[in-house]
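Enquirer: Dumping the structure here so I can ask a few things about it.
Values in this text are rule-based calculations from the coordinates and carry no lab data. Quick caveat, the model's predicted, so the values are computed rather than measured. No Cβ is skipped: glycine too gets one built from the backbone with ideal geometry, and neighbour counts run over all protein chains shown.
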Amino acid sequence: MISIRNVHKRFGDQVVLDGVSIEILPGQTTTIVGPSGVGKSVLLKLIMGILEPEQGEILVGDKNITAASNEAERNSIRQDLGVLFQSAALFDSLTVYQNIAFPLQQRCGHSADEIHDKTRKIITEMNLAPYSNSYPEEISIGLRKRVGMARALITEPKVLLFDEPNTGLDPLVGQEVYDLIDECKKEWHFTGVVISHELPEVFQVSDIVVMLLGGKVIIEASPDDFRNSPMPEVQQFLHGRVDGPIHIQ
């Protein structure tokens, strides 16, 4: 579903990604992990076409987003992508209903009635009907994530990107978010890409775990194989040890 092929990215003299290749298969959820600053969020922005690599290519399905010549072409490819941002990124001045309807209003080809019907349908499916007229500040963090998920799903994307979905959340709300991802995956059957450093909790929604370090993929494995890897970098990262081959800047 997504092919990341020999991608290089640098900022000035800093090499962030140095020949990264990952195949994200249809229907699977691939989690990309690693210490802060290894390029996880940069890779997400490259998939979205917000940044461009110096070398390599990224295909979403059979469409090469790195070869897109203009923003209109990139936007066409982005229609296959939905994003749940770290903070849910809701518009404070819009109600829950208006936040969810917003992506459809930005696209051509939908009448007002179609937008209303689709919005009401997903609000019902996501158990958000009691909060339709509420504003983000009036609902819990967990509900905001649910609204963000509904907004990401309303355009029926083939791929959902999750940017640090649990950062800054307490364990109970964090588990609520993982349950939400699992629930929606079963209902909507999307391909998932999760950027996270929440280990091992994120494994419960992962089919494949990829670890970045030093600009490269050092391991790509199932959650069980990742846990049992003898690589000292993996074990240091899993257990949060200071001593080891990973040097904290």
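Enquirer: Can you tell which of Gly49, Gly34, Gly109 shows the greatest fluctuation in a Gaussian network model of the chain with Cα springs below 10 Å?
Expert: For the chain, modelled as a Gaussian network with Cα springs under 10 Å, the answer is Gly109.
Enquirer: Follow-up question, since we're still on this one. Evaluate E = 1/(1 + (r/R0)^6) for His8 and Lys186, where r is the Cβ-Cβ distance and R0 equals 35 Å; express this FRET efficiency to the nearest 0.05.
Expert: 0.45
Enquirer: Still on this structure: Could you please rank Glu201, Glu138, placing first whichever residue has the fewest other Cβ atoms within 10 Å of its Cβ?
Expert: Taking fewest neighbouring Cβ atoms as first place, the list is Glu138, Glu201.
Enquirer: Given the options Leu169, Gly215, Leu143, identify the residue whose Cα lies farthest towards the positive end of the charge dipole of region 109-225 (+1 on Cβ of Lys, Arg; -1 on Cβ of Asp, Glu).
Expert: Going by the Cα projections, it comes out as Leu143.
Enquirer: Still on this structure, please answer the following. Rounded to the nearest 0.05, what FRET efficiency do Leu238 and Tyr135 have when you use their Cβ-Cβ distance and R0 = 30 Å?
Expert: After rounding, the FRET efficiency stands at 0.15.
Enquirer: Apply the Karplus parameterisation 6.51 cos²θ - 1.76 cosθ + 1.60, with θ equal to phi minus 60°, to every residue of region 140-145 and state each ³J(HN,Hα) to the nearest whole Hz, in sequence, with x for glycine and proline.
Expert: Taking θ as phi minus 60°, the curve returns 6, 4, x, 5, 4, 4 Hz for region 140-145.
Enquirer: Any chance you could run the full-extension gain for Asp62 through Val173? It's 0.36 nm times the residue separation minus the Cα-Cα distance, nm to one decimal.
Expert: Working: separation 111, 0.36 × 111 = 39.96 nm, distance 3.67 nm.
In short, 36.3 nm is gained.
Enquirer: Exposure proxy check: Tyr135, Tyr97 ranked by fewest other beta carbons within 10 Å?
Expert: Numbers: Tyr135 16, Tyr97 20.
Ranking Tyr135, Tyr97 by Cβ neighbours within 10 Å, fewest first, gives Tyr135, Tyr97.
Enquirer: Between the alpha-carbon centers of region 45-119 and region 181-221, tell me the distance in whole angstrom.
Expert: With region 45-119 and region 181-221 each reduced to a Cα centre, they are spaced 21 Å.
Enquirer: If contacts are Cα pairs under 8 angstrom and at least 6 residues apart, what is the relative contact order of the chain in percent?
Expert: 26 percent
Enquirer: Within the chain, what's the longest run with no trypsin sites (Lys or Arg not before Pro) in a DSSP loop and at most 12 other beta-carbon atoms within 10 Å? Give the range, please.
Expert: 108-240
Enquirer: If you scale each eigenvalue of the Cα gyration tensor by 5 and take the root, what three semi-axes come out for the chain, rounded to whole angstrom and sorted largest first?
Expert: On the way: eigenvalues 197, 100, 46 Å².
Computed over the chain, the values are 31, 22, 15 Å.
Enquirer: Based on DSSP H runs of at least 4 residues, each adding -39500 (n - 2.57), what is the mean residue ellipticity at 222 nm of the chain after dividing by all its residues, to the nearest 500 deg cm²/dmol?
Expert: -10000 deg cm²/dmol
Enquirer: Please compute the length gained on full extension between Asn75 and Ser111, using 0.36 nm multiplied by the number of residues separating them and subtracting their Cα-Cα distance.
Expert: 10.9 nm
Enquirer: For Thr124 paired with Ile218, estimate the spin-label separation in nm (one decimal), with each label point 7 Å from Cα along the Cα-to-Cβ line.
Expert: Once both label points are built, they end up 5.1 nm from each other.
Enquirer: Using Cα-Cα distances under 8 Å and only pairs 6 or more residues apart, what relative contact order does region 85-156 have, in percent?
Expert: 52 percent
Enquirer: Give me the compactness ratio for region 85-156, meaning the Cα radius of gyration over 2.2 N^0.38 Å.
Expert: Here the answer is 1.00, to two decimals.
Enquirer: Kindly count the pairs of lysines across region 118-235 whose alpha carbons are less than 25 Å apart, treating pairs on different chains or eight or more residues apart as eligible.
Expert: Close lysine pairs under the 25 Å cut-off: 13.
Enquirer: Compute for region 100-238: radius of gyration divided by Kirkwood radius, i.e. Rg/Rh, restricted to C-alpha atoms, rounded to two decimals. Provide the component values of the computation, followed by the final result.
Expert: Details: Rg = 17.6 Å, Rh = 16.9 Å.
That ratio equals 1.04.
Enquirer: Would you list Leu17, Leu160 from fewest to most Cβ contacts within 10 Å?
Expert: Working: Leu17 25, Leu160 22.
Lowest count first: Leu160, Leu17.
Enquirer: Right, another one. For the chain, find the longest principal axis of its Cα atoms and tell me its angle to the long axis of helix 112-125, 0 to 90°, nearest 10.
Expert: With both axes taken from Cα atoms, the answer is about 60 degrees.
Enquirer: Something else: What base-10 log of the normalised intensity I(q)/I(0) is obtained for region 1-136 from the Debye formula, alpha carbons as equal point scatterers, at q = 0.14, 0.17, 0.19, 0.21 Å⁻¹?
Expert: For region 1-136 at q = 0.14, 0.17, 0.19, 0.21 Å⁻¹, log10 I(q)/I(0) is -0.81, -1.03, -1.14, -1.23.
Enquirer: Next up: Can you give the net charge of the other residues whose Cβ lies under 9 Å from the Cβ of Leu46, counting K and R as +1 and D and E as -1?
Expert: Details: positive: Lys9, Lys45; negative: Glu52.
Cβ neighbours under 9 Å give a net charge of +1.
Enquirer: Charges at C-beta only: +1 for Lys and Arg, -1 for Asp and Glu. How large is the resulting dipole of the chain about its Cα centre, in Debye rounded to 20?
Expert: Around 320 debye, computed over the chain.
Enquirer: With an 8 Å cut-off on Cα pairs and a minimum separation of 6 or more residues, tell me the relative contact order of region 16-153 in percent.
Expert: RCO, region 16-153: 22 percent.
Enquirer: Using a Gaussian network model of the chain with C-alpha springs under 10 Å, which one of Met211, Met149, Met231 is most mobile by mean-square fluctuation?
Expert: Maximum among the listed residues: Met231.
Enquirer: OK, next. Quote the charge dipole size of region 85-156 about the Cα centre in Debye, to the nearest 20; the model charges only the Cβ of Lys and Arg (+1) and of Asp and Glu (-1).
Expert: It comes to approximately 180 debye.
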